[in-house]
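Colleague: I have a structure I would like to understand better, so I am pasting it below and will then ask my questions one at a time.
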Amino acid sequence: MKHLLKMLDLSTEEITEILDLADQLKYELKHGIPHPHLKGKTLGMIFQKASTRTRVSFETGMYQLGGYPLFLSSNDLQIGRGEPVQDTARVLSRYLSGIMIRTFEQKEVEDLAEYGSIPIINGLTDFCHPCQVLADLMTIREFKGKLEGLKMCFIGDGNNMANSLIVGCLKMGMAVSVACPDDYQPPKEILDFAAGYDCFELTNSPEQAAKDADVLITDVWASMGQEGEAEKRRKAFAGYQINDGLMSVAKADAMVLHCLPAHREEEITEKVFEAHAKEIFEEAENRLHAQKAVMVKLMA
C-alpha cells in the first residue's frame, strides 16, 4: 500500500489492517496514550473543495501523531494558476512526507501519485471518497461487531459515496443494495466491479433496497459543484428519502449513517436523523481515527 487513491486499489486484508489500527489509535487516544508515530513528518493538504470534517480531522490527526499539517488552498498554489500537476507533485515531494488532496477530478489524484515520490491520500474526488468509507466501515463494525454477512443499503445519487461504499462493503463480505433513479446510477467501472458479486443489487426502488437492511446510508442529492442542478435533482430524487416508512422494512435494529452535511427533510427526515444521531456523529468522529491509521500505514 503506497497510496490511498480509491477503494478499488485496496485488498480486503489492507482494509482490515487499517480498521484494526484505527480501533487501536482510538483506544489509545481515549485513554491518554501518546502515539507520535509521525514525529518530524509533514503532511501537505491541498484543498480545491471546501471542507469541515476533512480539514479538521486531518489537521488534528496529524498533530496527535506528532507531525505537522500544512494547509494548502488551491488559491495559494501555482497549481491554481496553471502549473501542471506533475510539476507540483515533483516539487512538493522534495518538501513533504505526504500529500492529502481534496479535489474534483480523480485523474488529478492519480497524477500526483504517478509523478510524485511520496504517499498520496485522496481526501475526496467526484469519483470516490475512500477516507469517509473507511470511517463508515469502522463505525458499522463498532456498532454491529462485524461486517461480513451484514446488508448495507444506500439510497440516493450514484456518486462518490455510493461508489466507495459499493466497493468497500463488497470487499468486506457485506451484501450491498443500492437504490438510485435511472439517470443517476454509479459509473460503469463500479458496476463492472460489483457484477462479480452475487450479493449486489441495483434498483430504483428504495423500499426494495432497504428490505432487511442492517445499515442504511444516504448522502445529499446535490453535491459540491452541482448546486446549479439542485431543483432538477430535487424532482429526480423525490421519494429517495430515509424516513419511517423505509426504516419499517429494514431490520428492527438497523443503523443509519450519513457522511454529512445533511439536508434534513430532503434525503433524510429530521426524526430519523435524530434517532440515529449517536451513530452518525460517531461516524464523523471516526474520520479522525481511520485517517490517522491511513497516515501511519503510509508515512510512518
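All of the numbers you see were taken from the coordinates with simple rules; none came from a lab. These numbers were taken from a predicted model, which means no experiment stands behind them. Neighbour counts run over all protein chains shown; Cβ positions are idealised from the backbone, glycine included.
Colleague: Extension gain Asp212-Phe281, at 0.36 nm per residue separation less the Cα-Cα distance, in nm?
Modeller: The Asp212-Phe281 span can extend by a further 22.5 nm.
Colleague: Could you put Cys199, Cys153, Cys259 in order, starting from the residue whose Cβ has the fewest other Cβ atoms within 10 Å?
Modeller: Cys199, Cys259, Cys153
Colleague: Under the Karplus relation 6.51 cos²θ - 1.76 cosθ + 1.60, θ = phi - 60°, what is the ordered set of whole-Hz ³J(HN,Hα) values for region 175-180, x standing for Gly and Pro?
Modeller: 7, 10, 10, 10, 10, 9
Colleague: Using the alpha-carbon atoms, what tilt in degrees (0 to 90, nearest 10) does helix 53-64 show relative to the longest principal axis of the chain?
Modeller: Approximately 50 degrees, to the nearest ten.
Colleague: Going by a ≥ b ≥ c, the root eigenvalues of the Cα gyration tensor, does the chain fall in the rounded group (a/c under 1.5), the prolate group (a/b larger than b/c) or the oblate group?
Modeller: The shape class here is prolate.
Colleague: For helix 160-171, report the angle its Cα long axis makes with the longest principal axis of the Cα atoms of the chain; keep it between 0 and 90° and round to the nearest 10°.
Modeller: 80 degrees
Colleague: Also, quick follow-up: Whose amide H sits under 5 Å from the amide H of Met100, counting only residues 5 or more places off or on another chain, with H placed in the peptide plane?
Modeller: Gly44, Met45, Ile46, Ile121
Colleague: Ordered by residue, what ³J(HN,Hα) values in Hz, to whole numbers, does region 108-122 give under the Karplus form 6.51 cos²θ - 1.76 cosθ + 1.60, where θ = phi - 60° and Gly and Pro are x?
Modeller: My calculation for region 108-122 gives 5, 5, 5, 5, 4, 5, 5, 9, x, 10, 10, x, 10, 10, 7 Hz in order.
Colleague: OK, next. State whether region 78-214 is rounded, prolate or oblate according to the following rule on the C-alpha gyration tensor (a ≥ b ≥ c being the square roots of its eigenvalues): a/c under 1.5 gives rounded; otherwise a/b larger than b/c gives prolate, and the remaining case gives oblate.
Modeller: Prolate, because a/c is 1.5 or more and a/b exceeds b/c.
Colleague: Any idea how far apart Ser11 and Ser73 come out in nm if each label point goes 7 Å out from Cα toward Cβ?
Modeller: Those two pseudo-labels are separated by 4.3 nm.
Colleague: Roughly speaking, what is the centre-to-centre gap between region 36-58 and region 74-150 when only Cα atoms are used, to the nearest Å?
Modeller: The distance from the Cα centre of region 36-58 to that of region 74-150 comes to 10 Å.
Colleague: Starting at the first residue of region 272-277, write each ³J(HN,Hα) from the Karplus equation 6.51 cos²θ - 1.76 cosθ + 1.60 with θ = phi - 60°, in whole Hz, x for Gly and Pro.
Modeller: For region 272-277, the Karplus curve yields 5, 4, 5, 5, 10, 4 Hz.
Colleague: If the convex hull of the alpha-carbon atoms of region 132-283 is projected onto planes in all directions, what is the mean projected area in square nanometres?
Modeller: For region 132-283, averaging the hull's shadow over all directions gives 8.0 nm².
Colleague: Same structure again: Under the rule of at least 5 residues apart or a separate chain, name every residue whose amide H is placed under 5 Å from the amide H of Ile242.
Modeller: Answer set, sorted by chain and number: Ile268, Thr269.
Colleague: Name the residue, out of Ile46, Ile79, Ile242, whose mean-square fluctuation peaks in a Gaussian network model built on the chain with Cα pairs under 10 Å.
Modeller: Between Ile46, Ile79, Ile242, it is Ile79 that shows the largest mean-square fluctuation.
Colleague: Next question, about the same structure. In nm, to one decimal, how far is the Ala252 label point from the Asp87 one, both placed 7 Å along Cα→Cβ?
Modeller: A separation of 6.5 nm, rounded to one decimal place.
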